[in-house]
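Following: one structure in structure tokens, then a few remarks.
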Amino acid sequence: MARARALFVGGTSSNAGKSWMTTAICAWLRGRGISVAPFKAQNMSNNSYPCRSGGEIGRAQVAQAEACGLEPEPAMNPILLKPSGNGRSQVIVNGRVWKTLSAREYYAHADELRPRVLDAYADLANRFDAVVIEGAGSVSELNLRQYDLVNLGLVTSIRAPWILVADIERGGVFGSVIGTAQL
């Protein structure tokens, strides 16, 4: 049974400030003497980082690991999608190249990938007192709900409380927050 307390940081959109907020919460918890680890189930970026222990993860999770005082590791970002053009992405699972797939092909593997995400989360949850989980994009992308590995599907599965982040600089922030909460 996982011992960690989890907190999910979701957003109204991409670039709403989820990565920054997750990093700040990680640093704050560490400053209070809590052993904390970051987690982002699925990230999309060509800016990956080679972990000393092997494998690669997204750079945002590296900054979050540093805020926690930890060495970055693949469990912190078990799925990394590296866009390769023409609607295809190289899929990195647990730090290693798995396949190159189109979005439709990737979604067809959601049920196969979900246990890998949950295993990576459980690994961290068994080693730390807290895990701060970053979502991806908007938490209310209803068209992706059945394939969700990183947002409310994950939160529901592990029963984590969550906060919603929105960027007031984008305009329409209150409508985004209300709309997201309602959906």
Item to check | Residue within the range 3-12 that is at pLDDT below 95, more than 26 Å from D167 (Cα to Cα) and out of contact with any Gly (no Cβ under 9 Å at 6 or more places or on another chain) present | outcome: yes
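Would you check which residues across the range 88-103 are open to solvent by 20 Å² or more (accessible area, probe 1.4 Å) and either modelled with pLDDT of 95 or more or in contact with a helix residue (DSSP H, G or I) (Cβ under 6 Å, 6 or more places away or on another chain) (or both) and list them? Step through it out loud before you land on a result.
Initial filter on the range 88-103 (open to solvent by 20 Å² or more (accessible area, probe 1.4 Å)): 88, 90, 94, 96-100, 102-103.
Correct list: R88, Q90, N94, R96, V97, W98, K99, T100, S102.
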Checklist entry - So V117 clears everything in (1) outside any strand (DSSP E or B); (2) closer than 20 Å to M44 by Cα; (3) open to solvent by less than 20 Å² (accessible area, probe 1.4 Å); (4) in contact with a Lys or Arg (Cβ under 9 Å, 6 or more places away or on another chain) except one condition, right? Which one? => result (4)
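Rundown of residues vs (1) charged (D, E, K, R); (2) in a helix (DSSP H, G or I); (3) in contact with a Cys (Cβ under 7 Å, 6 or more places away or on another chain); (4) open to solvent by 20 Å² or more (accessible area, probe 1.4 Å), yes/no style:
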residue	(1), (2), (3), (4)
Y107	no, yes, no, yes
L113	no, yes, no, no
V131	no, no, no, no
N143	no, yes, no, yes
L149	no, no, no, no
G175	no, yes, no, yes
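Yes/no matrix, rows are residues, columns are (1) of a type outside the set (A, V, I, L, M, F, W, C); (2) over 13 Å from the mean Cα position of the chain (by Cα):
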| site | (1), (2) |
| --- | --- |
| G87 | yes, yes |
| Y106 | yes, yes |
| H109 | yes, yes |
| V131 | no, no |
| A160 | no, yes |
Next on the checklist: With the requirement that a residue be part of a strand (DSSP E or B) and either closer than 18 Å to A136 by Cβ or hydrophobic (A, V, I, L, M, F, W, C) (or both), what does the range 73-96 give you?
Outcome noted: I79, L80, L81, K82, P83, S89, Q90, V91, I92, V93
Item to check | Near pairs, Cβ below 8 angstrom, 6+ apart or cross-chain, from the range 169-183 (farther than 14 Å from S14 by Cα and in contact (Cβ under 8 Å) with a residue 40 or more places away in the chain) to any residue that is open to solvent by 70 Å² or more (accessible area, probe 1.4 Å) and among the hydroxyl-bearing types (S, T, Y) | outcome: none
Checklist entry - Taking into account only those residues within the range 22-72 that are assigned to a strand (DSSP E or B) and over 22 Å from V155 (Cα atoms), which is most open to solvent (accessible area, probe 1.4 Å)? => result P50
Checklist entry - If you check G11 against the conditions, is it on the phi < 0 side of the Ramachandran plot and open to solvent by less than 30 Å² (accessible area, probe 1.4 Å)? => result yes
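The values are calculated or read from the model by the stated rules, or taken from the named source; none is laboratory data. These numbers were taken from a predicted model, which means no experiment stands behind them. Methodologically, a virtual Cβ is constructed for each residue, glycine included, from the backbone with ideal geometry; neighbour enumeration extends over all protein chains shown. Side chains are part of the model used for accessible areas, which takes the heavy atoms of the whole protein and leaves out ligands, DNA and RNA. Shrake-Rupley method; radii C 1.70, N 1.55, O 1.52, S 1.80 Å.
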